[in-house]
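Step one of this worksheet: look at the structure below.
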Amino acid sequence: MRTHSGVLGMKRRDFLGSLGGSLVGLAGVGAAVSACGGEKSPAGSSPIVSAQKKIRWRLASSFPRSLDTIFGAAEFMAERVSAMTDGAFDIRVYPGGELVPGLAVLDAVQNRTVQIGQTCSYYYTGKNPALAFDTCVPFGMTARQQSAWLGEGGGGELMAKVFSDFGVRSFSSGNTGAQMGGWFKEELSGLEGLKGLRIRIPGLGGDVMSALGASVQVIAGGEIYPALERGAIDATEWVGPYDDEKLGFYKVAKNYYYPGWWEPGPAMSIYVGEAAWASLPARYKEILKSAIQEAGVEMQRRYDARNPAALKRILAHGVSLRPFSEDLMEGAFAASTQILEDYAAADAGYAEIYKHWRASRADQFKFFSTAELAYAKFAYPRAL
Ligand code: CA
């Protein structure tokens, strides 16, 4: 799958050369005459060829190529769009930092630097804290529950109001599933063990860790390993076994904790600028929506297929798998709830989304506490 997408990506790149605009006129002019015909040239004398519009978009991703499950899903989406339009709708995919910095994708789509982006909305909570609900918040919903809330449960409509301020349409596309708690050099002594602990963890999870006494560091992906190795930090979170293995944390920290309660089901997003969206023919809109959904399924499938094997390999390196203690989880839950409540108290727009989300989470948790949970609690340990 990866080789396949790499080849296609290369072809697309070579073909496009230095082009990179949006609508670049008609493809196949002179090669095919439309069955309808009848159109007149601007001069009004001879019929012109009516061919399929050739559309070229640039996609800015927040993610590096190395995250091949996430970044690979954007490439997968572009390939599907191209295949379903016989190559007429071409989306060239750029990793974070190539066109714009990884955390500037919302700005780039908003400013029309690119037509489309792949990112996580919780990167932009500095612009509007409620954007976190488009991705996930600590002790939020799982991947399936988040997908249900955004796609069917009314969450998407609430988020669309937030995105309209940015001239952007957000489509949920993929999820990592519940993340791991991360890598700790020493075994944690419960909630008390977080006091003064230097941990790399961004976003709301970091705010909760701070509230619990940890010394929170925000370090970019490539710099985490050396910081952990030389002891500049005591712990780090990242994603889950498949992605964590690639960064090699198991070599320098031997305690692998779970769960990543701050990211129980983070939803990735595809952003499309409203102007770019409006410029699309109706059929291409439908194709793009389908490809985005398909890519989302593909991302989750890749994670679910690759994480188990990666976890086995990691454990073979002498790593201890450890659950966070009950008191740490209780403390984190209380601190998380307080942070969300504080935001809601300060902002009516946030409160509207929060209350809707909280009620949906309660309904989801109640339902998932029945068949799903009972089955997992009984069958998982026995099958091991
Ligand atoms: Ca993470």
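About its Cα centre, what dipole magnitude does the chain give when the only charges are +1 on Lys and Arg Cβ and -1 on Asp and Glu Cβ, stated in debye to the nearest 20?
1160 debye
Keeping all protein chains in place, calculate the accessible area per residue for segment 120-168 (probe 1.4 angstrom), answer in Å².
Values: 1740 Å² over 49 residues.
Normalised by residue count, the accessible surface of segment 120-168 is 36 Å².
Of the residues R58, R80, R230, which exhibits the maximal mean-square fluctuation in a Gaussian network model of the chain defined by a 10 Å Cα contact cut-off?
In the Gaussian network model the winner is R230.
Please find the FRET efficiency linking V252 to A351, where r is the Cβ-Cβ separation and R0 is fixed at 51 Å, and quote it to the nearest 0.05. Display every interim value, and only then the final one.
Numbers: r = 43 Å, r/R0 = 0.84.
So, using R0 = 51 Å, E works out to roughly 0.75.
Between the alpha-carbon centers of segment 261-324 and segment 347-362, tell me the distance in whole angstrom.
For segment 261-324 versus segment 347-362, the Cα centre distance is 24 Å.
Report the gain in length on full extension from F365 to E98: 0.36 nm times residue separation, minus Cα-Cα distance, nm rounded to one decimal. Mind dumping the intermediate values first?
Working: separation 267, 0.36 × 267 = 96.12 nm, distance 4.04 nm.
Result: 92.1 nm gained on full extension.
Taking 8 Å as the Cα distance limit and 6 or more residues as the minimum spacing, I'd like the relative contact order of segment 137-287 as a percentage. Show your work: numbers first, answer last.
Details: 240 pairs, mean separation 61.0, N = 151.
Normalised by residue count, the contact order of segment 137-287 is 40 percent.
Among A235, G156, I201, whose Cα projects farthest towards the positive end of the dipole of the chain, with charges put on the beta-carbon of Lys, Arg (+1) and Asp, Glu (-1)?
Going by the Cα projections, it comes out as G156.
Straight-line reach only, C-alpha to C-alpha below 19 angstrom: list the lysines that K251 could link to, leaving out same-chain residues fewer than 8 apart.
Partners within reach: K185, K312.
In whole percent, how big is the carbon plus sulfur part of the accessible area of the chain, probe 1.4 Å, protein atoms only? Spell out each step's value before the answer.
Details: 9890 of 17770 Å².
Roughly 56 percent, rounded to a whole number.
In terms of the Cα gyration tensor, with a ≥ b ≥ c the square roots of its eigenvalues, is the chain rounded because a/c is under 1.5, prolate because a/b exceeds b/c, or oblate? Kindly include the intermediate steps, with their values, before the conclusion.
Values: a/c = 2.15, a/b = 1.80, b/c = 1.20.
Prolate, since a/c reaches 1.5 and a/b exceeds b/c.
If I stretch the segment between T113 and V297 completely, what's the gain in nm (0.36 nm per residue apart, minus their alpha carbon distance), one decimal?
Numbers: separation 184, 0.36 × 184 = 66.24 nm, distance 2.77 nm.
Here the answer is 63.5 nm.
On average, how much accessible surface per residue is there in segment 249-342, in Å², for a 1.4 Å probe, leaving out ligands, DNA and RNA? Walk me through the numbers on the way to the answer.
Details: 4040 Å² over 94 residues.
Ligands and nucleic acids excluded, the result is 43 Å² per residue.
Taking a label point 7 Å from the Cα of Y380 along the Cα→Cβ vector, which residues of segment 235-253 have an amide N closer than 17 Å to it?
Taking a point 7 Å out along Cα→Cβ of Y380, the residues of segment 235-253 whose backbone N falls under 17 Å are 240-242.
Under the classification rounded if a/c is under 1.5, otherwise prolate if a/b is larger than b/c and oblate if not, where does segment 181-266 fall, given a ≥ b ≥ c as square roots of the Cα gyration tensor eigenvalues? Could the numbers behind the result be given before it?
Numbers: a/c = 1.39, a/b = 1.19, b/c = 1.17.
Judged from the Cα gyration tensor, segment 181-266 comes out rounded (a/c under 1.5).
Which lysines, on any chain, are close to K54 with Cα under 26 Å apart, when same-chain ones fewer than 8 places away are left out?
Reachable lysines: K11, K40, K285, K289.
Summing Lys, Arg as +1 and Asp, Glu as -1, what charge do residues with Cβ under 12 Å from the Cβ of A88 carry, A88 excluded? Present the calculation step by step, with values, prior to reporting the outcome.
Details: positive: K53, K54, R56, R283; negative: D86, D90.
That sum, taken over residues with Cβ under 12 Å, equals +2.
Please list, in chain and number order, the residues 5+ apart from N175 or on another chain whose amide H is under 5 Å from its amide H, with Hs placed from the backbone.
Result for N175 returns M268, Q300.
The values are calculated or read from the model by the stated rules, or taken from the named source; none is laboratory data. The shown structure was predicted, so the numbers you read here are calculated from the model rather than taken from an experiment. Here the Cβ is made from the backbone with ideal geometry for all residues, glycine too, and neighbour counts use every protein chain on show. Heavy atoms of the whole protein, side chains included, go into the accessibility calculation; ligands, DNA and RNA do not. Shrake-Rupley method; radii C 1.70, N 1.55, O 1.52, S 1.80 Å.
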